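In what follows, a structure is listed as structure tokens, so that the remarks can point back to it.
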Amino acid sequence: MNIGGKIMRFSSLPSTNDLAKELAARGEPEGTVVIADEQTKGRGRKGRSWYSAPKLGLYASVIFRPPRSELSLLPLISGLAVREFISANFGLNLRLKWPNDLIWEGKKLGGLLLESCFSGATPVYAILGIGLNVGHSADDFPPELKEQAISLRLACGRDVTPEELLPLLWPRLNFWYKAFLERRDEMIVQTFEANHLFARGEEIKVEVEGRVIQGRLAGFNLEGALCLITPQGKMSFTAGEVSLKKA
């Protein structure tokens, strides 16, 4: 399996994830990547819209056919892959915010979206969407995002194009997916935790299904779930919105 061995490019799509799901359902092989110059209906987690300006960002979706069910690890390995290639090639120290955000100096550089299809307890396919802000100037972001978002161009102080990122990303994503297939889960989780935005022991809150749970971050288990020490005991979460607890 070679992620990036087959790339399907489009000038515009409603959503790269939606097309990748259609292709996967029709039997497109693992490792196929769908890329668009723009998305007209790009989305993030919980159906939120993802700002996808034409030719300014990297909008890609990868088809996986994982032989194991611990899919919560896929956003972790993907975040590590993105972090490593950006660090090696642009000198930026990204932090990963569980489960799917890529953060540089407090601003969001990109995000990941995992969608999957199961037959019973067995995964049929998983689609990993990757969105990176690449060539944006400050004025390219809509007003509501200017204080929250950053691009590679702004962070490293030079022009960057989405096209130059692709050959840099695939080797790291292949490396970490191989680790996932080989069940090197402890290495995956330890590396993710070492690069996480919040450190073990910090007071955080997790918002999930309309509830807010507060406690101390206790790391991540081998299935990729966030662990929290609360007054009621230890809890684990496979999804949720994480933020620091305000003093």
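Read the figures in this text as sums done on the coordinates, not as results from a lab. What you see is a predicted model; the values in this text were computed from it and never measured. In this analysis, Cβ positions are derived from the backbone assuming ideal geometry, glycine residues included, and neighbour counts consider all displayed protein chains.
Averaging the Cα positions of each part gives two centres, and for segment 144-211 and segment 62-107 these lie 3 Å apart.
For the residue pairs LYS97/LYS245; LYS6/LYS146; LYS97/LYS234; LYS108/LYS205, the alpha carbons lie more than 26 Å apart in LYS6/LYS146. When the Gaussian network model of the chain links Cα atoms closer than 10 Å, the mean-square fluctuations of PRO14, PRO143, PRO171 top out at PRO143. Its alpha carbons give segment 203-244 an Rg and a Dmax of 9.2, 26 Å. Derived value for segment 101-229: Kirkwood hydrodynamic radius 17.4 Å. Basis is the mean of 1/r over every pair of different alpha-carbon atoms. For PHE118 and VAL212, FRET efficiency with R0 = 35 Å and r from the beta-carbon atoms, rounded to 0.05? For R0 = 35 Å, the calculated efficiency reads 0.75.
May I ask for the longest run of the chain untouched by GluC sites (Glu not before Pro) that are loop-located per DSSP and have at most 10 neighbouring C-beta atoms (other than their own) within 10 Å? Excluding the exposed sites themselves, the longest stretch runs over 1-146. Cβ crowding within 10 Å, taken as a proxy for footprinting-reagent exposure, orders CYS117, CYS227 from fewest neighbours to most as CYS117, CYS227. Taking a sphere under 15 Å around the Cβ of ARG26 and counting the other residues whose Cβ falls inside, with K and R at +1 and D and E at -1, yields a net charge of -1.
In terms of other Cβ atoms within 10 Å, ILE63, ILE229 run from fewest to most in the order ILE229, ILE63. The chain gives an Rg/Rh value of 0.95, both radii derived from C-alpha positions and Rh following Kirkwood.
Shown for ARG200, ARG83, ARG26, ARG153: other C-beta atoms within 10 Å of each C-beta, ranked fewest to most, produce the order ARG26, ARG200, ARG153, ARG83.
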